[in-house]
Amino acid sequence: MYRWIGWLTRPDRLHLLGKLLAWIPPPFLLALFFGVSHVLARFGGTVSQRVKDNMSAVLGTQAPVLRLRRQYFYQVCLTLYELLFVSHRLPKQGFKRFYPEGEEHLQSALQKGKGAIVYAPHIGNFFFAYWYLSQRYPSLAVVTAQSAELRPLYLIFQKLGCEGLDYDETPPLVMLRKLRRHLSQNGVVFLLGDFSRPDFPPGHMFGRKTPLPRGAAMLALEGNAPVIPFYCRRKKGFAHQLTFFAPLNLHEQYEKNQTAEAMEQLYTFLEDAVRAVPEEWLYWFYVDERWTTEEHHAGEVS
């Protein structure tokens with residue numbers, strides 16, 4: 001999948017595609033991406049097969065996996081188009097394509113003065129979701145921009161004023177200090193909690209042991225910051241539904257040394273969110289690689 005994105009984001013191809021797509025009205029663009037999604041689902045080689053196999057393994061053989069796989073590639077096409085060719089219009093367009101639900105949960109949590117941790121999976125156009133948050137609240141995200149293929153996407157949003165700490169380039173203690181300070185100033189920290197690295201401590205998703213980050217619970221228990229479960233999904237075409245859930249006050253349920261126990265509650269949310277919107281979860285193309293890692297390591301903030 002990353003190779004596909006890398007091929008697409010080469011400057012010469014971006015320039016040509018931008019010229020071509022600029023002349024296509026939105027309804028025809030949707031039809032075009034619908035057709036491309038069918039081609040990728042049927043002729044996408046090992047990537048398409050892995051998406052299908054992973055969906056079947058997680059969702060069960062009774063799930064409409066062939067349809068979900070096609071919808072998955074449709075979502076990827078739309079999101080890449082938005083990131084590469086629409087994101088520069090966001091400041092002028094404002095919030096007209098965003099439909100928030102439950103945002104009062106975040107606003108109420110911030111009234112306590114402890115900041116808030118918006119905790120989300122990689123569902124829908126999470127880049128656009130963070131731009132929305134950044135425009136309305138003092139926000140800081142943790143990103144993973146190590147991949148050369150994905151880095152151009154992160155740089156786009158850096159230019160739009162979305163502040164973030166690169167997990168791969170920021171020393172852990174520096175990252176912790178900056179995130180703590182931001183929360184102490186009643187800011188919003190945006191954490192995508194479902195990315196995985198082999199050196200992360202084990203958690204559980206879909207009944208399997210999986211290395212997952214524990215930074216959300218660590219920050220919440222240390223600073224009494226509420227955690228707001230959240231995900232973004234595509235409402236229709238190029239519109240986005242942003243769903244904020246009631247805050248989780250982990251510090252009222254767990255001691256500071258119970259980070260692992262608190263995280264299991266958050267991992268459950270991630271799993272529930274993926275099952276609610278399976279066609280829009282990014283990581284179907286390689287989630288099976290996570291299940292082979294069993295070794296326990298010390299946690300990192302993410």
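The values are calculated or read from the model by the stated rules, or taken from the named source; none is laboratory data. The model shown is predicted, which means the values in this text are computed figures rather than measured ones. In this analysis, Cβ positions are derived from the backbone assuming ideal geometry, glycine residues included, and neighbour counts consider all displayed protein chains. SASA here: full protein model, heavy atoms, side chains in, ligands and nucleic acids out. Shrake-Rupley method; radii C 1.70, N 1.55, O 1.52, S 1.80 Å.
Here are a few things to note about the model shown:
- Breaking point among (1) touching an Asp or Glu at 6+ places or on another chain (Cβ under 9 Å); (2) at pLDDT 90 or above, for Gln146: (2)
- Scanning region 249-266 for residues that are without any contact (Cβ under 8 Å) to a residue 60 or more places away in the chain and either within 22 Å of the chain's Cα centre (by Cα) or surrounded by 15 or more Cβ atoms within 10 Å (Cβ to Cβ) (or both) yields a count of 8.
- Residue in region 22-54 that is farthest from Val86 (Cα to Cα), counting only those that are open to solvent by 30 Å² or more (accessible area, probe 1.4 Å) and in contact with a Ser or Thr (Cβ under 8 Å, 6 or more places away or on another chain): Arg42
- Some residue of region 204-214 being modelled with pLDDT of 95 or more and either in contact with a strand residue (DSSP E or B) (Cβ under 8 Å, 6 or more places away or on another chain) or under 20 Å from Gly113 (Cβ atoms) (or both): no
- Hey, Val118 closer than 25 Å to Thr268 by Cα, modelled with pLDDT under 95 and assigned to a strand (DSSP E or B) or not: no
- Scanning region 183-212 for residues that are part of a strand (DSSP E or B) and open to solvent by 50 Å² or more (accessible area, probe 1.4 Å), we see that the one that is nearest to Leu140 (Cα to Cα) is His204.
- Check on Tyr99, at pLDDT 95 or above and of a type in the set (Ser, Thr, Tyr): yes
- When the residues of region 95-128 are filtered to those that are open to solvent by less than 10 Å² (accessible area, probe 1.4 Å) and of a type in the set (Gly, Ala, Ser), the one that is farthest from Pro213 (Cα to Cα) is Ala109.
- Listed conditions (1) open to solvent by 30 Å² or more (accessible area, probe 1.4 Å); (2) farther than 21 Å from Gly113 by Cβ are all met by Lys178, apart from (2).
- Criterion (among the aliphatic types (A, V, I, L, M) and not in a helix (DSSP H, G or I)) met by exactly one of Leu165, Leu173, Leu153: Leu165
- Residues in region 232-248 that are closer than 23 Å to Leu80 by Cβ, part of a strand (DSSP E or B) and in contact (Cβ under 8 Å) with a residue 24 or more places away in the chain: 9 in all.
- Of all residues in region 68-95, those being outside any helix (DSSP H, G or I) and among the small types (Gly, Ala, Ser) number 1.
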